[in-house]
1. Relative to the present Cα-Cα distance, how much length would full extension add between K200 and R330 at 0.36 nm per residue of separation?
2. Students often get this wrong, so check it: of K178/K200; K97/K200; K97/K213; K90/K227; K97/K227; K39/K213, which have C-alpha atoms separated by over 27 Å?
3. Over the heavy atoms of I28, what accessible area does a 1.4 Å probe trace out, to the nearest 10 Å²?
4. Taking 1 over the mean of 1/r across every pair of different Cα atoms in the range 176-318, what Kirkwood radius in Å do you get?
5. Give me, ordered by chain and number, the residues 5 or more places off A140 or on other chains with an amide H under 5 Å from its own placed amide H.
6. Quick check: with the 1.4 Å probe, what order do M128, M281 take by accessible area, largest first?
7. Determine the order of W282, W196 by accessible area, beginning with the largest, at a probe radius of 1.4 Å.
8. What does the accessible area of F148 come to, in Å² to the nearest 10, when a probe of 1.4 Å is used?
Amino acid sequence: MIDDPETLTGVVLNGAHGIYDVHTDNGILRCTLRGKLKKAFAQSQSTKSVGKMRPRYDKMFTAPRTQRMERREASIAALPVRLSVGDYVKLRQLDTKTGMIEEILPRQSVLSRKDAASKDNRAIEQTMLANLDQVVLVFATTQPEPHFGMLDRYLAICESAEIHPLLCLNKVDLPHDKRVEEAAALYSGLGYTVLWTSPKTGEGIDTLHAHLKEHTSLFSGPSGVGKSSLVNALEPGMAIRTGLISDATGKGRHTTTGSQLYPLSGGGWLADSAGIRALAMWNIPPEDLARCFVEFRPYLGECIYSDCMHIEEEGCAIRQAVEDGIINERRYTSYVRLVTGEER
Ligand code: GDP
Ligand code: ZN
């Protein structure tokens, strides 16, 4: 035992049955929860869940008891209060390998998954990952040809979930069509960061590494674009750990439903395939979709009909901006496909 217990801040990497691995400056510590926190979790499990929300956990845990109860009643707010992978916590180190979690720090974001299987058939929202703040969207410049409609869908998801997207155009060593350059210019013009990478030649890997530092990120993109090669170029062996490629036994950790995080040696954390699947299933309500196309924002509220979905309505400011060549036509097509449910 250390005589003078130290309070540390850390990130929950994984957890099951009340035992959590927490990444701290003093290494990974196996932690349990302080009794008071456990009790709060037990209460919260019985509350119903509604869509996405970002409760302020800091207030819930520091407020006096009566106030805490009021809060719960006032806003069904106490939704998934359970400690989640990705949560930042304060903990007390007990010895070189263990600790006790004392406090959950406020969450910036919550990625959750709806589970159909509850007793009353109501979907239960399960927090998959807290504080995910970056998605690396990987597309190949060629082989396979980039699917920009899919990229637009992922960008919209990132906007909806308020997660920073990083666009990674991979296999830059291969000769590719000039429309890839044009697309890259379009997306940078919209304010998105575009990186050109190749794990084959090493191009862009250091830059990518630098962008992952201090962030909780996940890699997403179609199969064959080079996600596992990229992740392995960042950190050898990481592709199997994060489930980007399955291990030879086919067993590994794929039986678990919860997400896990893996620390990168250069700083930052990577989420595994469970987190990736949860992001892919993110559902944007159709009426929110226009806002998720950043270049549409200046025109929102300018259409004749206040409930305009910007598809075929007269007097639509967004359609006008497309006609005027201000909004890119292909981006608009992506929007229409998503809003009509043609591509989900
Ligand atoms: P994933 O399905 O997205 O994880 O893609 P993989 O990492 O498995 O890569 C798919 C194929 O593309 C493999 O044959 C890789 O060797 C190849 N590949 C990956 N990155 C590059 C690259 O930068 N350049 C070239 N030429 N091939 C690459
Ligand atoms: Zn409109």
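The values are calculated or read from the model by the stated rules, or taken from the named source; none is laboratory data. Values in this document were obtained by computation on a predicted structure and should not be read as measured data. Cβ: placed from backbone, ideal geometry, glycine included. Neighbour counts: every protein chain shown. Heavy atoms of the whole protein, side chains included, go into the accessibility calculation; ligands, DNA and RNA do not. Shrake-Rupley method; radii C 1.70, N 1.55, O 1.52, S 1.80 Å.
1. This chain segment gains 43.7 nm when fully extended.
2. K97/K200; K90/K227; K97/K227; K39/K213
3. Near enough 90 Å² of accessible area.
4. Result for the range 176-318, one decimal place: 18.1 Å.
5. N170
6. Solvent-accessible surface, decreasing: M281, M128.
7. The most accessible residue leads, giving W196, W282.
8. 10 Å²
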